[in-house]
Amino acid sequence: MNKQITEDVSQEKIWDIGTRLFHWALVICVAAAWGLGKFGPNIMTLHFYFGYAVIALLVFRVIWGLVGPAPVRFASFLYGPRTTLRYLRTLGTPKPSYWPGHNPMGALSVFAILAALIAQVGTGLFSDPDDFINVGPLAGYVSSEANRTATFIHNRMLWVILALVVLHIAAIAYYKRFKGENLVTPMITGWKPVRRDESRD
Ligand code: HEM
Ligand code: HEM
């Protein structure tokens, strides 16, 4: 049941259970795949398993982005440049946004993280670093030139993913400390304070 908090802000169920489980499972699997890739044993079997789990999660998220509940459907947070710029100008206001879903900046970071992860798992499947041990399961289906390119991209993209995740966490900390808005609890419980009028910023 939605609960009115103030005249224009109400507590609403925004993040469904599927999206919340997806998010926290993704955190675990991406962190594990990253850590195992960089610091794990030379034989990367576990890295592959966590990588496959990330693939399954991404498949779920793409389907959910097309047919899932309104706040997580891609079309609902595909904002135009005008809305994004208007939102950008309000970022310095020390006031919660109470956006009913991903705000326009958050939306950009969601699309960027998902795209980077799709590129990471896609290239992982075709990677072959010539060590005769850690060969992506689809590497044999393409040329060795393509294997090398995939390995190259896989080994660069991991820094892009790290940067995006650091930015993601820094933005959430900024919202908490500067704008006084806690975004993490809603990603755990699903319930988020939202303001539905045009004055939100
Ligand atoms: C490997 C690390 C992480 C990845 C790959 C990641 C990825 C994502 C993605 C893809 C979304 C969009 C959710 C969706 O619509 O499906 C998201 C949202 C979110 N994430 Fe993360 N995340 C990571 C770590 C974290 C951590 C550590 C926190 C908590 C401090 C966090 C808090 C949130 C919150 C609060 C949202 C919702 C943001 C909003 O209100 O718009 N994430 N994250
Ligand atoms: C989000 C998911 C993933 C992340 C974050 C990730 C990250 C990494 C990292 C950090 C390395 C080590 C690179 C280095 O030595 O500097 C690596 C290597 C590798 N990964 Fe992934 N990976 C992911 C998914 C996958 C998947 C799905 C596969 C294929 C099943 C895969 C196959 C490989 C292979 C074959 C290597 C060896 C390449 C090399 O040593 O240059 N990865 N990955």
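The values are calculated or read from the model by the stated rules, or taken from the named source; none is laboratory data. On a predicted model such as this, the values are computed, not experimentally measured, just so you know. Neighbour counts run over all protein chains shown; Cβ positions are idealised from the backbone, glycine included.
For this structure, a couple of remarks:
- Members of the stretch 70-90 found to be in contact (Cβ under 8 Å) with a residue 60 or more places away in the chain and assigned to a loop (DSSP other than H, G, I, E, B), listed by number: THR90
- Flag: LEU114 matches the condition of being within 18 Å of VAL27 (Cα to Cα), assigned to a helix (DSSP H, G or I) and modelled with pLDDT of 95 or more.
- Qualifying residue in the stretch 125-142 (condition: touching a residue at least 12 places away in the same chain (Cβ under 8 Å), within 16 Å of ligand 1 (Cβ to nearest atom) and in contact with a His (Cβ under 6 Å, 6 or more places away or on another chain)): no
- Single residue of SER127, SER109, SER97, SER144 found to be under 30 Å from ASP8 (Cβ atoms) and over 15 Å from the mean Cα position of the chain (by Cα): SER97
- Residue that is nearest to ligand 2 (Cβ to nearest atom), among those in the stretch 57-70 that are closer than 23 Å to ILE28 by Cα and over 14 Å from the mean Cα position of the chain (by Cα): ILE63
- Residue that is nearest to ALA56 (Cα to Cα) [pool: residues in the stretch 118-160 that are near ligand 2 (Cβ under 6 Å from one of its atoms) and part of a helix (DSSP H, G or I)]: VAL121
- Taking the criterion of being free of Cβ contacts under 8 Å to residues at least 12 places away in the same chain and near ligand 2 (Cβ under 8 Å from one of its atoms), no residue of the stretch 104-117 qualifies.
- Considering residues of the stretch 1-43 that are within 10 Å of ligand 2 (Cβ to nearest atom) and modelled with pLDDT under 95 only, the residue nearest to VAL110 (Cα to Cα): GLY40
- Residues of the stretch 182-199 that are more than 9 Å from ligand 1 (Cβ to nearest atom), under 21 Å from ARG20 (Cβ atoms) and assigned to a loop (DSSP other than H, G, I, E, B): GLY190 alone.
- The stretch 57-83: number of residues that are away from ligand 1 (no atom under 14 Å from the Cβ) and of a type outside the set (D, E, K, R): 3
- Residues (hydrophobic (A, V, I, L, M, F, W, C), surrounded by 12 or more Cβ atoms within 10 Å (Cβ to Cβ) and away from ligand 1 (no atom under 15 Å from the Cβ)) located in the stretch 35-51: MET44, LEU46, PHE48
- Within the stretch 52-94, the set of residues being surrounded by 11 or more Cβ atoms within 10 Å (Cβ to Cβ), basic (Lys, Arg) and more than 22 Å from GLU12 (Cα to Cα) comprises ARG86 only.
- Filtered by the rule that a residue be under 16 Å from ALA171 (Cβ atoms) and out of contact with any Pro (no Cβ under 7 Å at 6 or more places or on another chain), the stretch 77-88 gives PHE77, LEU88.
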